[in-house]
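Just below is one structure, and these are the notes that go with it.
Each reported figure results from applying straightforward, stated rules to the coordinates on display, with no laboratory input. Since the model is a prediction, treat every value here as computed from it, not as a measurement. Glycine gets a Cβ as well: all are built from the backbone with ideal geometry, and neighbour counts include every protein chain shown.
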Amino acid sequence: MTATEPAPQARSLAERLVAGERAALARALTVLERGGARARALLAAIAPHLGGATVVGFTGPPGAGKSTLVGAFVAQERAAGRTVGVIAVDPSSPLSGGAILGDRLRMSAHVADDGVFIRSLASRGHVGGLSPAAAAGVDAFDAAGWDVVVLETVGAGQSEVEIAEIADIRVVLNAPGLGDEVQAMKAGILEIADILVVNKADQPAADRMTRGLQAALAVSVGRRETAILQTVATTGEGLEALAEEILRRVQTLPPIRMRRLRRARRMISYAANAAVARRLATPDQYVDQLAEDLLSAEIDSEEAARRFFAALSK
């Protein structure tokens, strides 16, 4: 298939996807990750079939045990009879651009379960914690009829706030022994959490960390109702309480259209950022002249940006 593939081919893949074909889901995720005209055609074909999945995002600093906790959460959801798709965003290989950690290996216990589908996506240098293809991947799982879609971010720390725009429920992990965890979270991801999880709660410093999080929440700007839970992902301790808290919050979510509009805004942001990056990365006399004018103080940065976007739209 080429970038100019006819719509019937996209409709054929969409029909197989909606019918629940596992191979079609794998193919659709690949098409959406690559982007371009084929991805746009597929997204248009599956648009009428969206709106059933709940999206749960897991984020937090490296070493907090995200993959282990996600694996345990998946097992909890499967025990409740719900199907689960996982989009695990990994760092990109500097050579191939592909995902290099392979969360599918760390969740190998679910490989034989037809009710679980795990896909690793490469972050491709995106610093917000999510692959640009993640939002489109959510739609693929949604159209295929999966009950829950889990997003696990790359683990870049406080920059991972973009998960707030895609996930319906946002779970922020931390764990004792990672340094000044509360201070590290104050500048970004603390404020996006619906649920704060202190993982590795069997460690001595877990209670102190929990109290620190409670104190940080008490003084945070724009405070929201945030639950604080303790878990031990390796033993399953606290997982039932986490699943119950997520389910409780699902029942109070805004209408699906509002949630999908929020995701759509994020996809526009991804596309706009990509267009800007491409233009700035390519030798361009106009952009070079804008930079010269900015350096010489003939224009300020806001005026430079205004002129840049005006030229970008031509």
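Some points to look at:
- With the highest mean first, a sort of the peptides 235-246, 71-82 on other beta-carbon atoms found within 10 angstrom per residue produces 71-82, 235-246.
- Full extension of the segment from Leu178 to Leu295, taken as 0.36 nm per residue of separation minus the current Cα-Cα distance, would add 38.0 nm.
- Efficiency of FRET from Cβ geometry, Ala79 and Thr30, R₀ 30 Å, rounded to 0.05: 0.50
- With a Förster radius of 41 Å applied to the C-beta separation of Ala275 and Gln203, the computed FRET efficiency comes to 0.35.
- Annotation: extensible slack from Gln285 through Gln9 equals 95.3 nm (criterion: 0.36 nm per residue apart, minus Cα-Cα distance).
- Averaged over residues, the count of other Cβ atoms within 10 Å places the peptides 35-41, 19-25 in the sequence 35-41, 19-25, highest first.
- For Glu21 and Ala44, a Förster radius of 22 Å and the Cβ-Cβ distance give a FRET efficiency of 0.70, rounded to the nearest 0.05.
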